[in-house]
Every structure is written in C-alpha cells, then in structure tokens.
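Novice: Below are the structure tokens for one structure; questions will follow.
The values are calculated or read from the model by the stated rules, or taken from the named source; none is laboratory data. No experiment lies behind these values; they were computed from the predicted model shown. Neighbour counts are summed over all protein chains in view; Cβ atoms, including those assigned to glycine, are modelled from backbone coordinates with ideal geometry. Accessible surface is based on the protein model in full, side chains and every heavy atom, while ligands, DNA and RNA are left aside. Shrake-Rupley method; radii C 1.70, N 1.55, O 1.52, S 1.80 Å.
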Amino acid sequence: SQLDSQLYSQLRLQLYSQLDSQLHSQLDSQLDSQLYSQLDSQLRSQLYSRLRSQLRSQLDSQLRSQLASQLANYFAAQHWCAWQVFYAFCGEIGVRFTPDLQALLDLWLRQSREMHWWFPFDGIVLASERHTQLHVDEEGRLHSGESLACGYGDGWGVYAWHGTVVSERVILQPDKLTPREILDERNSEVRRVMIERFGQDRFMSDAGAKVLDKGNDGELLAIDLPGDPDGRMVALRLRCPSTSAVYVVRVPPDQRDYVAAKAWTFGLTKSEYVFASES
C-alpha cells in the first residue's frame, strides 16, 4: 500500500543517511556494504512486515466500517420490492391499515414502480436513472454478444456473457484477442468466455496445443491453463467427412485416449462406443 511504502522509504532513507555520514568516512566500502545489507534486511523483517500488517488490518477494518455505514443507506426500488408486494397483497385479501400506514405503503409501492437505485442522506438524495438497455439469456443472466448487457444513458454499463462480466474487448473485438492474453487471464470463468469468443479451434491451434492422441477423423489436443479448476483444456478436434467442417469439443481434462474421449461425447464408455461402431 502507498502508506506503508512511504513510511518504509522514509525510515530507510533517514537511517541510511545517518549511517553514511557517520561511518562512511571511517569504514571502508566493504564494511559499509555489509552494514547497509544487514540494516536493510532487519528493517524489512522487523518494521516493514509489522507496519504492513498493522496498517492493512486497521485501514481495512476502518474502510469497511465506513463504507458499510455510508452505503447501507440505500433503497433498491424496482430491484427489491418483495416486502412492498407482500404488504400490498395483505391489503388485497382484507387486511386494513391505518390511513398513515396506507399512505406510507402507497409511497413505498410507487418508488418501487418508478425508481431505480437511490441513496437518501441528510440534505441530499443521490438517485440513478433506469438503465436504457438490458439483455439477458434464457436463464435470466446478463448476456449480450453485440453490446452492453446492461447500459445506462451516460454510456456506462456492463458487458457480460451468460452471466460472466467481461471487458468490452471480449464482446466487441473477440477477433483481436491473443492466445497470450487469454492464457494470462487469472479468472478462470472469464478465460473460458474469452476462449469461446476467440474460437476454441483457433485458440487450440494458435496457442500451440499438443496432440495427445489421433484417430481416423481427428485428434485429441491439450493445453495447460494455469489457475483453471481443471488445470488444462483437453478437446477433440473433429472434421466432418461430408462437409469438411472442423469442430472442437471440450472433453474432461483426464482424457488421454482419442476413442475414449469421442465415446464420452456420446455418453458412452470406450468399449460401448467400439461395440456400437462395429455392430
């Protein structure tokens, strides 16, 4: 962090300056070098680690507390209206509220219908306009392959692919991604999206996947994916005999045999697949 880095730099500069002025004229360069090395090592182990740990824990707890107290004062409006609907339902089935409570409930329902996120504070209210575009997949997850999945009037928004938030580049310029860029991505879910958008066949070829096994109509390829839950990507590359189209199908990472991997895509064991092929 910036604070512990500054503190460390100041302490190191002051101590080194004092030692240099007092000892350098009396001691040779070798002794000076040894003292500097030892003091620098001690400062790192004794002060740097302690200050870093203390400052990080204190700042973290303080910032969390402040953010929680300041940002907790919000209304989700249309994004969270379960209680409003519950009380409105009670009114529809015969529950009678006092005039004051009914007026309050009506106001509560109105803000749920008409407003987006809003944050009331003393003397000021921060309110967000509704989004101008919203796209989801068949499961209701944020998703768009052509634009912002959720966008606002000022241009801000979120790009997402089947619920996974990604950068603008992944959605709008997938052809400009590089295998190195994909492999360097530390988030495994984002990396999976990048591979899908880039094209699995192209990725396996451009990233230098090694051939594990070959068959009469394709091959089994593998490439290591650091940080991925599977550890590697293993895929079948098949060529359709009638159309010559190439297909890449990802298979479990423990597959090493081409026929067994192909059988897996049909939900069969290797022996079952071989038997069915020969029948």
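Novice: With S128, S167, S188, S144 as the choices, which residue is under 21 Å from I223 (Cβ atoms) and among the small types (G, A, S)?
Specialist: S188
Novice: Same structure again: Does D228 satisfy the condition of being part of a loop (DSSP other than H, G, I, E, B), under 24 Å from P179 (Cα atoms), without any contact (Cβ under 8 Å) to a residue 60 or more places away in the chain and open to solvent by 60 Å² or more (accessible area, probe 1.4 Å)? Steps first, please.
Specialist: On the way: part of a loop (DSSP other than H, G, I, E, B): yes; under 24 Å from P179 (Cα atoms): yes; without any contact (Cβ under 8 Å) to a residue 60 or more places away in the chain: yes; open to solvent by 60 Å² or more (accessible area, probe 1.4 Å): no.
In short, no.
Novice: Can you tell me how many residues within region 254-267 are in contact with a Lys or Arg (Cβ under 9 Å, 6 or more places away or on another chain), open to solvent by 40 Å² or more (accessible area, probe 1.4 Å) and either small (G, A, S) or in a loop (DSSP other than H, G, I, E, B) (or both)?
Specialist: Residues flagged as in contact with a Lys or Arg (Cβ under 9 Å, 6 or more places away or on another chain), open to solvent by 40 Å² or more (accessible area, probe 1.4 Å) and either small (G, A, S) or in a loop (DSSP other than H, G, I, E, B) (or both) within region 254-267 amount to 1.
Novice: What's the number of the condition P120 fails, among (1) at pLDDT below 90; (2) assigned to a helix (DSSP H, G or I)?
Specialist: P120 satisfies all of (1) at pLDDT below 90; (2) assigned to a helix (DSSP H, G or I) except (2).
Novice: Which pairs have Cβ atoms under 9 Å, sit 6 or more apart or on different chains, and link a residue in region 264-276 that is under 21 Å from R250 (Cβ atoms) to one that is β-branched (V, I, T) and assigned to a helix (DSSP H, G or I)?
Specialist: Once the first residue is under 21 Å from R250 (Cβ atoms) and sits in region 264-276, its partners that are β-branched (V, I, T) and assigned to a helix (DSSP H, G or I) give K270/V259; Y273/V259.
Novice: Turning to a different aspect of this structure: Pairs needed: first member in region 163-185, modelled with pLDDT under 90; second member anywhere, surrounded by fewer than 18 Cβ atoms within 10 Å (Cβ to Cβ); C-beta distance under 6 Å; at least 6 residues apart or different chains.
Specialist: Hits for this filter: P179/D206.
Novice: Determine which single condition K214 fails, assuming it passes every other condition in (1) of a type outside the set (G, A, S); (2) part of a strand (DSSP E or B); (3) surrounded by 15 or more Cβ atoms within 10 Å (Cβ to Cβ).
Specialist: Checking K214 against (1) of a type outside the set (G, A, S); (2) part of a strand (DSSP E or B); (3) surrounded by 15 or more Cβ atoms within 10 Å (Cβ to Cβ), the one that fails is (3).
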